[in-house]
Amino acid sequence: MKIWHFSETAYPFLPDPGGYESVRVDLPNRYYDPEKGAALFDRFIEEWRIAEAEGLEIMLNEHHQTPTCVDPAGPLLLTALARVTKTARLLILGNPVANRRQPVRVAEEMAFADILSHGRIEIGFVRGVPYEISPANSNPVYTNERQWEAIDLILKALTSHDGPFSHEGRFFHARRVNIWPRPYQQPHPPIWVSTTSGDGAARVGARGYIQATFLTGYGATRPVFEGYRRGWREAGRGQDVPIDRLAYAAFAFCSPDEARAREGAEKLLWHIAINKIPAHYQNPPGYNTVEASARGVKRGLGRFPKAPTVDAAVEQGIMFAGTPAQVLEQFDKFYDAVGGFGHLLVAGQSGFLSHEDTVHGIRTMAREVYPRLKERYPGTAISGQFREAVAAQ
Amino acid sequence: MGALRRDTTKLGDVELELFEGGSGPSLLFLHGGGGPVAGAPFMDRLAAKFHVIAPSHPGFGGSNLPLWIDSIDDFAHIYLELIRLLDLKNLLLVGHSIGGWTAAEMATKTTDRIDRIVLAAPVGIKIGPVDRLDIPDIFAMPDAEVDRLRYAEPDKWRPDPTKLTDADLLTAARNRQTLALVTWEPYMHNPKLKHRLYRIDRPTLVLRGAKDGLVSHDYAAAYAGLISGARLETIPDIGHVPHIEHAERFVEVVERFAGGPR
């Protein structure tokens with residue numbers, strides 16, 4: 001079991017949500033104070049370094065035209081972290097490849113970051129969230145197809161070492177691909193892909209990449225993991241899916257002081273509370289299936305489960321919060337419900353959670369929770385062995 | 001479906017749904033981004049005067065969408081093949097909105113089988129400044145706002161989703177998806193088209209509803225100005241969808257143009 005400290009590098013000093021229609025895409029950047037923003041990044045990078053010192057791994061992401069994540073160029077932050085850390089694995093989750101015009105450039109960036117980090121990069125790919133279709137001017141139709149053509153081209157670029165090859169696909173063209181540098185890790189850094197559907201996960205499983213899913217909770221996580229395990233087995237990778245192939249991202253805040261834990265956890269929910277996005281940005285035509293869009297017309301589309309309280313968020317499985325004992329109990333329950341996974345991506349900073357509290361949460365998680373999770377869920381554990389099934393045998 | 005009957009035809013790997021009926025001179029009607037309108041009252045009126053052929057664009061209605069198709073220009077090639085296959089001659093080509101764009105693309109390639117052209121609220125060109133969209137971004141506003149720009153009387157024409165069947169909702173979602181596919185970038189235009197419009201050598205009428213919030217007067221006038229001898233006619237008190245908002249007036253204008261001087 002590995003725990004990754006994930007900060008979404010939010011800029012929290014926003015006007016009242018009543019004063020804007022959408023926190024994404026359209027919110028004027030006059031609300032961003034560059035001095036405050038720069039100071040926040042000093043702080044977030046320091047928090048990642050503390051996480052590393054505490055033995056956690058590091059995860060970052062990228063988003064566009066939003067104060068919820070003011071890192072519009074993940075590879076740049078990745079290389080900055082590569083130079084101020086020494087030992088932690090560095091996961092970028094991920095490169096929104098359906099919105100990237102040049103997959104070969106992504107391969108170059110990842111290989112270069114791997115060199116600068118001396119082989120500590122883990123490469124994540126995402127399709128890109130629907131509300132970034134418009135900022136990227138990216139066609140909302142065929143995003144899955146573009147994502148997979150891009151991933152395959154990037155992997156080929158990372159692993160081809162005998163001079164140029166060409167690519168003339170449905171969506172991308174490159175006439176002489178021959179990246180310098182090649183990656184530090186051979187044959188290539190670990191690959192992660194995030195999906196939210198079972199069929200998408202089956203595709204990831206067939207390739208054996210690491211499958212991540214974000215805030216999908218009790219309801220939607222198990223079908224994703226089941227899809228992965230099915231894809232893995234059908235591709236002939238064997239019956240057993242190691243837990244280190246599956247990852248889950250949730251909010252988490254832990255403190256020996258229960259009141260402090262609850263207060264910190266509430267602050268993490270800022271991310272959901274301010275995530276005001278109108279339907280036309282949540283559901284650009286073609287991003288979701290025709291069936292989902294048709295249903296959405298009737299009842300409105302919601303991308304994330306809404307979680308107004310800490311209790312509700314814990315109950316939904318999108319948050320682990322409380323004392324170390326409480327967090328362990330919540331984690332065990334969730335782990336069993338979804339069939340097991342080997343990476344916990346901890347969204348441990350958000351909104352107005354202070355530096356002091358963030359560090360307290362990181363340290364408590366690293367010192368009080370992480371050792372027990374490693375004991376209970378060693379890297380040799382197998383995913384998909386449900387308790388009831390094991391008991392029946 | 002009124003006066004028209006449904007048929008399908010195969011053009012390469014495109015399986016095209018089309019509605020056909022009426023008698024008189026041939027009229028090919030190319031629908032707008034809202035989707036096929038073969039069942040609308042104006043079609044019956046048209047079929048009383050013309051032999052009407054109204055295909056559903058690939059990815060709209062009952063037509064399939066092969067993976068290679070992603071532009072209005074693709075539609076134009078398919079319809080040029082369709083009119084050859086059906087051996088239509090002296091055709092009255094009528095297109096609305098993206099259907100107008102499609103008609104313009106067709107006519108810039110060849111007008112051999114085309115006699116006259118009606119472009120109703122056509123999109124497809126870029127004439128305004130680089131820092132302003134010529135056509136408002138319909139994908140970046142609530143549906144109600146799109147309807148407000150589309151119709152002179154939005155309350156009268158806005159569909160009520162609770163009254164649509166599941167099949168209707170699916171078709172509407174698929175139509176919208178294909179609309180995005182073919183209009184996303186460059187948004188609602190082909191940068192080449194305005195440089196090709198001079199090739200159109202048939203009488204052309206550009207029609208616009210005076211209250212159209214999507215296609216401005218200046219835009220429609222510029223469109224007509226790029227086609228030799230083309231005329232702009234404005235219909236008062238209606239918006240972007242003249243054939244739906246005022247079927248009688250629309251058909252009357254088309255009929256008058258069809259029988260008018262060359």
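Here, each number is a calculation from the coordinates, and none is a lab measurement. If you're wondering where the values come from, they're calculated on a predicted model, not measured in any experiment. Cβ sites come from the backbone with ideal geometry, for glycine too, and all protein chains shown count toward neighbours.
Measuring nothing but how far apart in sequence close Cα pairs (under 8 Å, 6+ apart) lie, relative to its length, the range B:1-50 scores a relative contact order of 45 percent. Taking other C-beta atoms within 10 angstrom as a stand-in for reagent exposure, B:Arg176, A:Arg100 fall in the order A:Arg100, B:Arg176, fewest first.
With contacts taken as Cα pairs under 8 Å at a separation of at least 6 residues, chain A carries a relative contact order of 20 percent. GNM on chain A, alpha-carbon springs under 10 angstrom: the most fluctuating residue among A:Ala381, A:Ala313, A:Ala366 is A:Ala381.
Which residues does the label zone of B:Leu67 cover in the range A:152-187, counting backbone N under 20 Å from a point 7 Å along Cα→Cβ? Only A:152-157, A:166-175 pass the distance filter.
Placing +1 on the Cβ of each Lys and Arg and -1 on the Cβ of each Asp and Glu in the range A:157-287, which of A:Gln185, A:Phe253, A:Thr216 has its Cα farthest towards the positive end of the resulting dipole? Checked the options; the winner is A:Gln185. Rounded if a/c is under 1.5, else prolate if a/b is larger than b/c, else oblate: which is the range B:5-259, with a ≥ b ≥ c the root eigenvalues of its Cα gyration tensor? Verdict is rounded for the range B:5-259. Of the residues B:Met43, A:Leu91, A:Gly339, the one whose Cα sits farthest towards the positive end of the charge dipole of the protein assembly as shown is B:Met43 (charges of +1 on Lys and Arg Cβ, -1 on Asp and Glu Cβ, taken about the Cα centre).
Between A:Gly361, A:Gly200, A:Gly169, the Gaussian network model of chain A with springs among Cα atoms under 10 angstrom shows the greatest mean-square fluctuation at A:Gly169. Which shape class, rounded, prolate or oblate, goes with the range B:81-176 when its Cα gyration tensor gives a ≥ b ≥ c as root eigenvalues, a/c under 1.5 marks rounded, and past that a/b bigger than b/c marks prolate? In terms of gyration-tensor shape, oblate. Fewest neighbouring Cβ atoms within 10 Å first, the residues B:Phe19, A:Phe125, A:Phe334 line up as A:Phe334, B:Phe19, A:Phe125.
When A:Val224, B:Val130, B:Val37 are arranged by Cβ crowding within 10 Å, least crowded first, meaning fewest neighbours, the order is B:Val130, B:Val37, A:Val224. Here chain A is treated with +1 on each Lys and Arg Cβ and -1 on each Asp and Glu Cβ, and its dipole about the Cα centre works out to around 1020 debye. Ranking B:Leu92, B:Ile72, B:Ile53 by Cα position along the charge dipole of the range B:15-116, where only Lys, Arg, Asp and Glu carry charges on their C-beta atoms, puts B:Leu92 farthest toward the positive end.
Summarising the overall dimensions of chain A from its C-alpha atoms, the Rg and Dmax are 20.3, 62 angstrom.
When the helices of the protein assembly as shown are scored as -39500 (n - 2.57) per DSSP H run of n ≥ 4 and the total is divided over every residue, the value at 222 nm lands at -11500 deg cm²/dmol. Sequentially through the range A:164-181, phi angles give Karplus couplings (6.51, -1.76, 1.60; θ = phi - 60°) of x, 10, 10, 9, 10, x, 6, 10, 10, 10, 8, 8, 9, 8, 6, 6, 10, x Hz, Gly and Pro residues having no value and appearing as x. Dipole check for the protein assembly as shown: with +1 at the C-beta of Lys and Arg, -1 at the C-beta of Asp and Glu, and the Cα centre as origin, the magnitude is about 1220 Debye. Once the mean of 1/r is taken over each pair of separate Cα atoms and inverted, the range B:1-103 shows a Kirkwood hydrodynamic radius of 13.4 Å. Charges were assigned to the Cβ only: +1 to each Lys and Arg, -1 to each Asp and Glu. The resulting dipole of chain B about its Cα centre is roughly 780 debye. Quick check on the protein assembly as shown: take the gyration tensor over C-alpha atoms, sort the square-rooted eigenvalues as a ≥ b ≥ c, and tell me if it's rounded (a/c under 1.5), prolate or oblate. In terms of gyration-tensor shape, prolate. Using a Gaussian network model of chain A in which every pair of alpha carbons under 10 angstrom is joined by a spring, one finds that among A:Val314, A:Val346, A:Val297 the greatest mean-square fluctuation is at A:Val297. The antiparallel fraction among DSSP beta bridges confined to the protein assembly as shown stands at about 20%.
Taken over the range A:218-375, lysine pairs spaced eight or more positions apart, or on distinct chains, with alpha carbons under 21 Å apart number 7. Normalised by the number of residues in the range B:5-259, the average gap of Cα pairs under 8 Å and 6 or more apart makes the relative contact order 20 percent.
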